[in-house]
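Okay, structure first, notes after.
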Amino acid sequence: LLGVIILEGLVIAVGGLSLLCILCGLGFVSLVMSGMMIASYVVVSSLINYWFSPRPLIQQNTNGDFLP
């Protein structure tokens with residue numbers, strides 16, 4: 001009876017430790033993926049804003065001055 005109780009405690013301890021490691025690993029993976037998605041969103045939105053931003057045409061005056 002004492003051996004069964006010790007074995008049960010050992011199984012619960014090993015299972016809890018492995019579950020804790022798995023959950024910490026999943027949390028780390030989710031943080032890394034979230035960071036990558038945020039970084040890619042910032043880069044893509046910045047590139048789209050740069051590519052499609054309205055740029056005023058610059059005309060040169062007869063005096064040599066630039067006019068927007």
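The values are calculated or read from the model by the stated rules, or taken from the named source; none is laboratory data. Keep in mind it's a predicted model, so treat the numbers as computed, not measured. Ligands, DNA and RNA are stripped out before the accessible areas are found, and what is left, the full protein with its side chains, is counted by its heavy atoms. Shrake-Rupley method; radii C 1.70, N 1.55, O 1.52, S 1.80 Å.
Report the extension gain between residue 10 and residue 36 in nm, rounded to one decimal, defined as 0.36 nm multiplied by the number of residues separating them, less their alpha carbon distance.
Extra length available between residue 10 and residue 36 comes to 5.5 nm.
May I ask you to evaluate 6.51 cos²θ - 1.76 cosθ + 1.60, the Karplus curve with θ = phi - 60°, for each residue of region 11-20 and list the ³J(HN,Hα) values in order in whole Hz, giving x for glycine and proline?
Ordered by residue, 3J(HN,Hα) equals 5, 5, 5, 5, x, x, 5, 5, 5, 4 Hz.
Give the accessible surface of region 1-48 per residue, rounded to a whole number of Å², with probe radius 1.4 Å and ligands, DNA and RNA excluded.
With the other protein chains kept in place, region 1-48 gives 86 Å² per residue.
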